[in-house]
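What follows is a single structure, written as structure tokens, with notes after it.
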Amino acid sequence: MSQKMNNKVVSEIDTVLDQSGVIEIVPNAYGFAALKEDGSVVSWGSSEFGGDQSEVISLLNGTIDIVDIHTTGSAFAALRADGSVVTWGHQEFGGNSSEYALELDGTVDVVEITSSKSGFAAKRADGSVVIWGNGFDDADTSGLDGNNVKAVASNRYAFAVLMNDGSVETWGDPNSGGDTTDVDLYGSSNELRI
């Protein structure tokens, strides 16, 4: 009997998923976010870590298409078609970007989002980068204005930005690459890649 019950439940779930229009599922450590064909996002899991999107539901409903979703271990960031970013999940780990609302509102398009375990970096069309999350609130990104940024990379605890002139800027845990003070980046190779 339990096998029939399980098969029935699985069948019902499959039917719902087939009709859902989900085109991508993005996990974090405590939940999931699903991007749907209509440009909307649905999330579930631990409410504290991104499973509850009720505070930003009107920004994720597909009125303006969501084109990409990124995650830290505890939060989500959605890039919208108008170049703006919506975040939700754990406040300390990137789920609250309200301090950077003007930089992420799409006035200058965000073109790429990169994430670490505890924060996000948004590369904007003007070459600037906005970084927020646990351990990144004091990151000085003032030197990244004016089409300077070529690429942004991250690991679990740090970000590295490759500048168009070949220099590298880093933020985050020094033991995880967030400090290049004692590193010779200009050794034998003429071109760095991130």
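Key figures
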quantity: Relative contact order (%) - criterion: Cα under 8 Å, at least six apart; region: the stretch 91-178; calculated: 22
quantity: Positive-end extreme of charge dipole, the stretch 83-185 - chosen from 114, 171, 100 (charges on Cβ); calculated: 114
quantity: Check: the stretch 43-187 dipole with +1 on Lys, Arg Cβ and -1 on Asp, Glu Cβ, in debye; calculated: 420
quantity: Carbon/sulfur fraction of accessible area - the stretch 39-136, other protein chains in place, 1.4 Å, %; calculated: 50
quantity: The stretch 48-112 - accessible surface per residue (Å², probe 1.4 Å); calculated: 45
quantity: Low-density loop cleavage sites - GluC sites (Glu not before Pro) in the stretch 25-119, where at most 13 other Cβ are within 10 Å (DSSP); calculated: 37
quantity: Placed amide H near residue 95: partners under 5 Å, 5+ positions off or other chain; calculated: 90
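The values are calculated or read from the model by the stated rules, or taken from the named source; none is laboratory data. Note that the structure is a prediction, hence the values are computed from the model and not measured. Don't worry about glycine lacking a Cβ; one is built from the backbone with ideal geometry, like all the others, and counts go over all protein chains shown. Only protein heavy atoms, including side chains, enter the accessible area calculation; ligands, DNA and RNA are left aside. Shrake-Rupley method; radii C 1.70, N 1.55, O 1.52, S 1.80 Å.
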